[in-house]
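Structure, as structure tokens:
The values are calculated or read from the model by the stated rules, or taken from the named source; none is laboratory data. Computed from a predicted model, the values in this text were never measured in an experiment. Cβ placement follows ideal geometry from the backbone for every residue including glycine, while neighbour counts extend to all protein chains displayed. Note: areas computed on protein heavy atoms with side chains; ligands, DNA, RNA excluded. Shrake-Rupley method; radii C 1.70, N 1.55, O 1.52, S 1.80 Å.
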Amino acid sequence: MRFDHHLSRAFQQQLQATAQKMRDWDAQALIDEHAAQDIATRIQFFDHAPGAPPLSFTGVDGSGEYPLLTYADAFVYLTTAHAATYTTHLNAGLKEHTAPQSLVNLAWLPGSQDVARPEVLAAFEAMTGESITDTIEGSDYRLMNPRHARLSTQDLVDGLVIPPASDSGNHAIQLRTVGELGAARRALAGGHTDYLLYDSTLALPLFRSASSLFLEHLKRRVCVQAREQGAAFVALSKSPGLPGMDDIERLALNRARADVDAQASVAEHWFLRLPIPDVDDWSFPPADGRTVPPPGAVSYLVRFHRNTGVLRIDLDRTYWQTHLHADTDAQTRARERRLFEHLDYAGHDQRAYGYPYPIKAAHDHASLTGTERHAFRSQLIDAAVKTGMNRNLFRNASGLTGHR
């Protein structure tokens, strides 16, 4: 990029117009006095957790190269994912329990959709460790969605949305998500964990449409598998995706200042459970028009440390009903506090303070360096050349044109 663009008059006009749009949007009165009172009374505080009972936390994350390389009309996509399990150790931090479980997958997708589609499905099966039909039938996605409940398993397989081979953006989302959830499934199958931590949300993008994404079925498949084992499947998003966060943080701070019991928290450890459809009788204006909580989930806003932002956490609703919901509101809040205190303890590592460290560890393992990407690419090209292919067929478009 030429670095004189930012000096041009046209760009300066765009800059000012964009800044004004941002200010106007941020200044909207999303939370009126009545809504503010509803939110403030429902903000709950929890204690800093200097210790924890014997617990295990498994973090999953993924990465990849989309595409790793191209030749003719074909694309090769590389997906990596890791699951890292840590246990509490005599109230003295987390210790890595087992060697990280790694997942690596190469998906070859030619331009012909008739050939590419089964290749994508084969990549999904390789990463999940089970067939597409087993994932769909083991998921509760169809039970949650009346539109899909009437369809056979094969109808659902046939209706899965698979983009063309060249649509690298969509393939990156689908393959990376399936890799992460595949690592989660393998971790659950490999042994018990109390908390399965996933750096994302439980959103189901096509839930209201006739078609579906395989990753939607797989998310709900992991929810089912986790609750069968008594594990909390916790999806954490560093970006809540909601406006009005500054107002909510001010409400939490004011509550802390007014509540003697919360003084020690200094508004540093708090959570707000967002209204559950058909259960709660209050509304949350910032979520207007947004599917939060997602179908089959319960959503929270939570802060673990003053120096980290507000996180969004999604839990499987069935898990919430069986493990957190109680006969009284006070009992429910006590159970929720215990869960957040456990997650707070998992976020005391200085390398990711205020955020559960097992996810950070999984991210570090899954992330690819430039050298590693080059090595994967070179190894694949060398292997192809040994089969008789011409080395000159292969392209790394970004590298060849001087891009990075």
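Numbers at a glance
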| item | result |
| --- | --- |
| Count of the range 180-194 residues which are closer than 21 Å to Leu121 by Cα and open to solvent by less than 10 Å² (accessible area, probe 1.4 Å) | 4 |
| Test result for Pro358, more than 18 Å from Arg255 (Cβ to Cβ), assigned to a helix (DSSP H, G or I) and touching a Leu at 6+ places or on another chain (Cβ under 7 Å) | yes |
| Selection within the range 153-179 - free of Cβ contacts under 8 Å to residues at least 40 places away in the same chain, more than 23 Å from the chain's Cα centre (by Cα) and open to solvent by 50 Å² or more (accessible area, probe 1.4 Å) | Gln154, Asp155, Asp158 |
| Which numbered condition Thr369 misses (of (1) of a type outside the set (D, E, K, R); (2) within 22 Å of Glu65 (Cα to Cα); (3) in contact with a Leu (Cβ under 6 Å, 6 or more places away or on another chain)) | (3) |
| Leu204 vs. criteria in contact (Cβ under 8 Å) with a residue 40 or more places away in the chain, surrounded by 16 or more Cβ atoms within 10 Å (Cβ to Cβ) and at negative phi | yes |
| Any hit, the range 220-229, residues being acidic (Asp, Glu), part of a helix (DSSP H, G or I) and at pLDDT below 90 | no |
| Failed item in (1) assigned to a helix (DSSP H, G or I); (2) more than 19 Å from the chain's Cα centre (by Cα); (3) under 26 Å from Thr322 (Cα atoms), with Ala187 passing the rest | (2) |
| Contacts under 8 angstrom Cβ, first residue in the range 321-335 being closer than 18 Å to Leu272 by Cβ, partner of a type in the set (Asp, Glu), 6 or more apart | Leu324/Glu336 |
| Which listed residue is farther than 30 Å from Arg208 by Cα and at pLDDT below 90, from Tyr345, Tyr355 | Tyr355 |
| Qualifying residues in the range 89-130 (those that are open to solvent by less than 20 Å² (accessible area, probe 1.4 Å) and in contact with a His (Cβ under 9 Å, 6 or more places away or on another chain)) - the one farthest from Gly51 (Cα to Cα) | Leu109 |
| Leu55 being in contact with a Ser or Thr (Cβ under 6 Å, 6 or more places away or on another chain) and farther than 21 Å from His217 by Cβ | yes |
| Any hit, the range 241-259, residues being out of contact with any helix residue (DSSP H, G or I) (no Cβ under 6 Å at 6 or more places or on another chain), assigned to a loop (DSSP other than H, G, I, E, B) and surrounded by 14 or more Cβ atoms within 10 Å (Cβ to Cβ) | no |
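Let's see how each residue does on (1) open to solvent by less than 40 Å² (accessible area, probe 1.4 Å); (2) of a type in the set (S, T, N, Q); (3) within 23 Å of Pro205 (Cα to Cα); (4) part of a loop (DSSP other than H, G, I, E, B):
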residue: Pro275; (1), (2), (3), (4): yes, no, yes, yes
residue: Asp280; (1), (2), (3), (4): no, no, no, yes
residue: Pro294; (1), (2), (3), (4): yes, no, yes, yes
residue: Leu315; (1), (2), (3), (4): yes, no, yes, no
residue: Tyr319; (1), (2), (3), (4): yes, no, yes, no
residue: Tyr345; (1), (2), (3), (4): yes, no, no, no
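Yes or no, residue by residue, for (1) of a type in the set (Val, Ile, Thr); (2) at pLDDT 80 or above:
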{"residue": "Arg2", "(1), (2)": "no, no"}
{"residue": "Ala19", "(1), (2)": "no, yes"}
{"residue": "Ile39", "(1), (2)": "yes, yes"}
{"residue": "His48", "(1), (2)": "no, yes"}
{"residue": "Gly59", "(1), (2)": "no, yes"}
